[in-house]
Amino acid sequence: AIIHEGVGHSVSSPLSKPEGENEKVLLPSVDTDPEKIRFACRKCRFILFGEDDTTTHIKSNHSFSRRKSGSNTDAKKCSSVFLSSGLDWMGDMSAFEGRLDCPKCGSKVGQWNWGGTQCSCGSWITPAIYFPMSKVDLKRPIQIDRTSTEDAAVMHQSVLNKTFPKES
């Protein structure tokens, strides 16, 4: 069995090796800074990449008279996230184009095309390493208001003191 570890996840996948001969393969660790946006596989919630790995583009930068068939009716909205470069977990990307599978569950999460692709907003992105938002979940940073957290802790303690008074 191969044990995959990374970002707090471990996965075992059976191989033709005899039991007891385990081989460890470490998956790349994505920046787990709770202050940054991360993107996870929609199927298994494995963190695939962070906001620092993404690239931006100018919406509708290129004037195409015709959009890709089957594109969103809201043509100005981007429906995919594009990366600035490939990541270690993506493996061999020497082919001109290909699919990107989640390293944990194996489901298709994105694709690449070195010749580029048209975004749903109309811009042409080259090279294109992209993940449709229908395949990934956006994990936003948790916003904690320290003042209200401290107030809640004080209130919780006062409730505990009333409910369970200290014996003298």
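The values are calculated or read from the model by the stated rules, or taken from the named source; none is laboratory data. All figures in this text were calculated on a predicted structure; none of them were measured in a lab. Here the Cβ positions follow ideal geometry from the backbone for every residue, glycine too, while neighbour counts run over all protein chains shown.
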By residue number, the members of segment 96-114 that are under 14 Å from I47 (Cβ atoms) and either touching a helix residue (DSSP H, G or I) at 6+ places or on another chain (Cβ under 8 Å) or surrounded by fewer than 17 Cβ atoms within 10 Å (Cβ to Cβ) (or both) are P103, C105
Within segment 48-86, of all residues that are of a type in the set (A, V, I, L, M) and modelled with pLDDT of 85 or more, the one nearest to the chain's Cα centre (by Cα) is L48
Over segment 90-125, the set of residues without any contact (Cβ under 8 Å) to a residue 12 or more places away in the chain and part of a loop (DSSP other than H, G, I, E, B) is G91, D92, S94, A95, G106
